[in-house]
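Notes follow once the structure below has been shown.
Throughout, read-outs are computed from the coordinates displayed, never taken from laboratory work. No experiment lies behind these values; they were computed from the predicted model shown.
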Amino acid sequence: MSYERRSRSLRFAGCGLILIVAAAVTVACQPEPGPEVTQTSTSAPTPSLTPRPGGSSPTPIETEAPDASFELPEGCEALYSPAMLETLEADNPPLNHPEVTMLSTQNVDLIDIIESDAPTLRCSWGEPSEYGLATNVTVVDDDQSAFIGDELRNSGFECAALGDGTICRTEQKGVTLDDEEYAGGETHYLGGGGWVTTAWINFSPEGYTEDIVATLWG
């Protein structure tokens, strides 16, 4: 995956290893079935969950915008159907490990929206390792939504209609310096005043974003 603008690399907390981003098509990094293009690198460093510079806690921000048409759920558990929540808890616990600070996108301009005053809920699954995902659900206005959609398409994401919104995804595959294969990607959903962004490394539950969309938007 590549971006025309600045991009941030993903690292697992405590690993000190950098993920090389392949040409467009990834999660967060990024998993659900859909169109994808993969690229293999023969000398990429070991992929890792990205620590947010200076950050140490994935505690969700749950403020609400005064005129938001989309309201954030009260907590991460409310993002998922009971079946998906059970799968996540069984396959890659815990939820919101305090040392996992992986970003849900590598695009700096999109990170700026998430880290601005936009109300957002952050959720991660897995321990600090080379296996996990991170999701942000963010309230956005029409201008932000249009910008995000353009940015994703211009960055090589494959986009398609999903419900009343749009889902975009990209995936990469490669080989680390230790000759270990890895996969990572990002999936984004825009619709109804909300934006779901997920980055993943070696952990991509089938139907993950679609389940969030069905749970939050019906």
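Segment 77-208 has equivalent-ellipsoid semi-axes of 23, 18, 14 Å, by the square roots of 5 times the alpha carbon gyration tensor eigenvalues, sorted largest first. Taken as Cα centroids, segment 133-156 and segment 93-114 sit 14 Å apart, rounded to the nearest whole angstrom.
Per the Kirkwood formula applied to alpha carbons, segment 137-196 shows a radius of gyration over Rh ratio, Rg over Rh, of 1.12. Compared with the alpha-carbon gap, the fully stretched path from Glu71 to Phe147 is longer by 25.3 nm at 0.36 nm per residue. How would you classify segment 85-148 from its alpha-carbon gyration tensor, with a ≥ b ≥ c the square roots of the eigenvalues: rounded for a/c under 1.5, else prolate if a/b is greater than b/c, otherwise oblate? Prolate.
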